[in-house]
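The values are calculated or read from the model by the stated rules, or taken from the named source; none is laboratory data. Predicted model, so just to flag it, every value in this text is computed and none were measured. Ideal geometry is used to build each Cβ from the backbone, glycine not excepted, and the neighbour counts take in all protein chains shown.
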Amino acid sequence: MHSFHYENGSLHCEGVNLDVLANEHGTPLYVYSQATILDHYRRLSAGMSELDCQICYATKANSNLAVLNLLAREGAGFDIVSGGELFRIEKAGGDPGKCTFAGVGKTRAEIELGLEKGIYSFNAESEAEVAFISKVASEMGKVAPIALRVNPNVDAKTHKYISTGKSENKFGIDFSVIREAYERAAALPNIKIRGLQMHIGSQLTSVNPFVEAVEKVAPLVQELKEKYEIEFFSIGGGIGIVYEDTLASGQDHWWGEKEEKPLTIEEYASQLVPLLKPLGLKIILEPGRFMVGNAGVLITEVLYEKRGSAKTFQIIDAAMNDLIRPALYEGHHDIAPLKEPTSDETEEVDIVGPVCESGDFFAQNRALPPLEEGDRIALLSAGAYGFVMASNYNSRPMPAEILVDGDTAHVIRARQSFDDLIQGESIPARAE
Ligand code: LLP
């Protein structure tokens, strides 16, 4: 489910009128629904309840302290990819002992921090990395818990920038050499082999690649369990969400009249639990997008309409620096006016930002209800990989973030000021 709907002609997040919120906090503005995040976490946990399952939320999807704190209080662990994320987890009240540390390029400082904080597992992506973790752990007189990330060479059938489980990707260790890699890792000092990890890609809209990968890797997991007494098998994240027509139904897994049936949690669980249960291990999931994607919107205002000879442009006050997914992955975000349309009339328009780049668009040739200057719209499904990928490009201050809980709106990150933009910068003193 998600908690965005029209009420009395205005788009609401839970009990909060988004137009009122925008009057108070300005635009562009990120707004998240607490109820939606909790619903997603609880539904996934319930689906996996037959397993000894630990959800390690992929922090990178939305790392606001309030979001992390919400999930930590539900019992979530965290998949992290940097020292900065580990710092956030601690600040948010998360447990480092439930953290897995992913990524192909962990630095010495990050490995030291992970060891000091006692993270659950370093998910290592190359033999060189394991050797380095062993060296750092030995120097610190600590034992480093590790898992290797296997690349199962399965096609996740997703956008090429977010596909990770094929041999040509930089991620993980090839399935064909993984056994030897474990043998060499086990022989290194100050290393404890704790598990096996994989992650085949993001925004998967079918369960089949997950099934294919788990079936392929399960025999290896059994072998590793017998040989090294591993405790866990992480099947990564990647559960896709629906980006189209979510508002009409109030569902985030809605297929309306579309032919393709997107992935539901029920299907994910019913296909994977029977394959995972016989392994008798802790199963780790690393969902990011599923947890927060449909729980967030970016509210923005139409500044100008520009009628060109070929197209009509609606120029809005949000830009690619605020939400880069359309520019980077041709990502689709549904667009909903904050005032409920009163007729079915639409007009084909491009929704573009103010930045001087052709990639600075949010929709092209999109049929939308007629918009006027000053109208506000919501870019939907912006809760994952939205604010976290924002930048100060064009010296644009980053938007504020709001977490809605019922009728209450909490500011969970203040809008940046101009002073924030130059924080840490200085002009060298020069001899005259
Ligand atoms: N685990 C690992 C090791 C990952 O690399 C990722 C995401 C996840 C879990 C979480 O995947 P999710 O459940 O969110 O699909 N910025 C892109 C997505 C990049 C995903 C990177 N890795 C986007 O906006 O589509």
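Only one of the numbered conditions (1) within 13 Å of the ligand (Cβ to nearest atom); (2) assigned to a helix (DSSP H, G or I); (3) in contact with a strand residue (DSSP E or B) (Cβ under 9 Å, 6 or more places away or on another chain) is violated by LEU224, and that is (1).
Filtered by the rule that a residue be free of Cβ contacts under 8 Å to residues at least 24 places away in the same chain and of a type in the set (Asp, Glu), the range 400-432 gives ASP419, ASP420, GLU425, GLU432.
Please go through the range 101-113 and give me each residue that is surrounded by 19 or more Cβ atoms within 10 Å (Cβ to Cβ) and touching a residue at least 40 places away in the same chain (Cβ under 8 Å), ordered by number. The one that is surrounded by 19 or more Cβ atoms within 10 Å (Cβ to Cβ) and touching a residue at least 40 places away in the same chain (Cβ under 8 Å): ALA102.
Just one of the listed residues (LEU328, LEU338) is within 28 Å of VAL411 (Cβ to Cβ) and away from the ligand (no atom under 15 Å from the Cβ), and it is LEU338. Pairing each residue of the range 75-100 that is touching a residue at least 60 places away in the same chain (Cβ under 8 Å) with any residue that is part of a helix (DSSP H, G or I) and more than 12 Å from the ligand (Cβ to nearest atom), provided the two are 6+ apart or on different chains, yields C-beta distances under 6 Å for GLY77/LYS98.
Going through the range 161-198 one residue at a time, which ones are at pLDDT below 85 and charged (D, E, K, R)? The answer is LYS166, GLU168, LYS170.
Checking each residue in the range 266-318 for being within 20 Å of the chain's Cα centre (by Cα), over 19 Å from GLU231 (Cβ atoms) and among the β-branched types (Val, Ile, Thr) picks out VAL292, VAL297, ILE299. Residues in the range 90-135 that are within 13 Å of the ligand (Cβ to nearest atom) and among the charged types (D, E, K, R): LYS106, GLU125. Does any residue in the range 273-296 that is among the small types (Gly, Ala, Ser) come within less than 7 Å, Cβ to Cβ, of a residue that is modelled with pLDDT under 95 and away from the ligand (no atom under 14 Å from the Cβ) six or more places away or on a different chain, and which pairs are these? Qualifying pairs under 7 Å: ALA295/HIS2. Selection within the range 319-330: residues that are in a loop (DSSP other than H, G, I, E, B) and at pLDDT 95 or above. The member of this set that is farthest from the chain's Cα centre (by Cα) is ALA319.
Highlighted here are the strands (runs of 3 or more DSSP E) found entirely within the range 346-415 that include at least 3 residues which are aliphatic (A, V, I, L, M) and surrounded by 13 or more Cβ atoms within 10 Å (Cβ to Cβ): 347-352, 376-379, 400-405, 408-413. Pairs linking a residue in the range 367-385 that is more than 13 Å from the ligand (Cβ to nearest atom) to a residue that is in a loop (DSSP other than H, G, I, E, B) and among the polar types (S, T, N, Q), with Cβ atoms under 8 Å and 6 or more positions apart or on different chains, are ALA367/THR346; LEU368/THR346; PRO369/SER343; PRO369/THR346; PRO370/THR346; ARG376/THR27. When the range 1-11 is filtered for residues that are surrounded by 21 or more Cβ atoms within 10 Å (Cβ to Cβ) and assigned to a strand (DSSP E or B), the ones remaining, listed by number, are PHE4, LEU11. Is it the case that some residue within the range 75-86 is in the same structural domain as ASN151 (by TED's automatic domain parsing) and over 30 Å from LYS170 (Cα atoms)? Within the range 75-86, one or more residues are in the same structural domain as ASN151 (by TED's automatic domain parsing) and over 30 Å from LYS170 (Cα atoms).
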